[in-house]
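Notes follow once the structure below has been shown.
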Amino acid sequence: MARSERKPRRMVVGEEVFLWSVGHDHASDDGEGDGRRCRNLLTVRRPGVNGRLLLVFAEGPGRMVSDGFLPSGAVTTAGGPVLNLHEPGTARAFLDAALAAGAQLPDRTTCAADGWAFFDAVADLRAAAAGGVDV
């Protein structure tokens, strides 16, 4: 599985500091199709530890990710807005939504979660922020 990931960037949330990055990889379809299913990955971790929260956005019916047609870091649903995982506000909104749902930022392991589970809430939040509405 080939994987590309950009250098982590800093995010400060209250008193806490996080490192986050956006990546892209390809998962196997277990022999179906061409064997390549694009996925965008949002990784968040605390400095100095190996553990991380990994939000996975796999392409599928009604779900699209950057794949040569959409720009790097783009995730969208059929008829829905396009969110850019490279935008700090979007990354922060996904982190907040995942933590509120019980996701963990472990010290030594990876906590993987389906990023699509938070897409609608984050899309609403980002739309409100773009329109100047405080949420």
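In the P(r) worked out for the range 46-135, what percent of Cα pairs fall beyond 19 Å? Mind showing how you got there, number by number?
Details: 1693 of 4005 pairs.
In whole percent, the long-distance tail amounts to 42.
Using a probe radius of 1.4 Å on heavy atoms only, what accessible surface per residue do you get for the chain? Whole Å² is fine.
Numbers: 7580 Å² over 135 residues.
For the chain, the solvent-accessible area averages 56 Å² per residue.
Projected onto the charge dipole of the chain (+1 at Lys/Arg Cβ, -1 at Asp/Glu Cβ, origin at the Cα centre), which of Thr43, Gly62, Asn84 gives the Cα projection farthest towards the positive end?
Thr43
In whole percent, how big is the carbon plus sulfur part of the accessible area of the chain, probe 1.4 Å, protein atoms only? Before the final figure, lay out the partial values.
Details: 3810 of 7580 Å².
Here it works out to 50 percent.
Calculate one ³J(HN,Hα) per residue across the range 67-84 by plugging θ = phi - 60° into the Karplus curve 6.51 cos²θ - 1.76 cosθ + 1.60, and present them in order as whole Hz with x for glycine and proline.
Result, ordered by residue: 8, x, 9, 8, x, 3, x, 7, 9, 7, 10, 4, x, x, x, 9, 9, 10 Hz.
Could you list which residues have their amide H under 5 Å from that of Gly80, counting only those 5 or more apart in sequence or on another chain, with H placed in the peptide plane?
Under 5 Å from the amide H of Gly80: no residue qualifies.
Would you kindly derive the ³J(HN,Hα) couplings of the range 110-125 from the backbone phi angles with the Karplus curve 6.51 cos²θ - 1.76 cosθ + 1.60 (θ = phi - 60°), listing them in order in whole Hz, with x for Gly and Pro?
3J(HN,Hα) across the range 110-125, in whole Hz: 10, 9, 9, 9, 6, x, 4, 4, 10, 4, 4, 5, 5, 4, 4, 5.
Based on DSSP H runs of at least 4 residues, each adding -39500 (n - 2.57), what is the mean residue ellipticity at 222 nm of the chain after dividing by all its residues, to the nearest 500 deg cm²/dmol?
Numbers: 2 runs with 25 residues, N = 135.
About -6000 deg cm²/dmol.
Return the sequence-ordered ³J(HN,Hα) values of the range 19-28 in whole Hz as given by the Karplus equation 6.51 cos²θ - 1.76 cosθ + 1.60 applied to θ = phi - 60°, using x for Gly and Pro.
Values, residue by residue: 10, 9, 8, 10, x, 9, 8, 10, 9, 6 Hz.
Can you list the trypsin sites (Lys or Arg not before Pro) in the range 52-115 that are in a DSSP coil and have 16 or fewer other beta carbons within 10 angstrom? Write down the numbers at each step before the final one.
Details: sites: Arg52, Arg63, Arg92, Arg108; in loops: Arg108.
The qualifying sites are Arg108.
The values are calculated or read from the model by the stated rules, or taken from the named source; none is laboratory data. Everything numeric in this text was worked out from a predicted model, so none of it was measured. Methodologically, a virtual Cβ is constructed for each residue, glycine included, from the backbone with ideal geometry; neighbour enumeration extends over all protein chains shown. Accessible surface areas use protein heavy atoms only, side chains included; no ligands, DNA or RNA. Shrake-Rupley method; radii C 1.70, N 1.55, O 1.52, S 1.80 Å.
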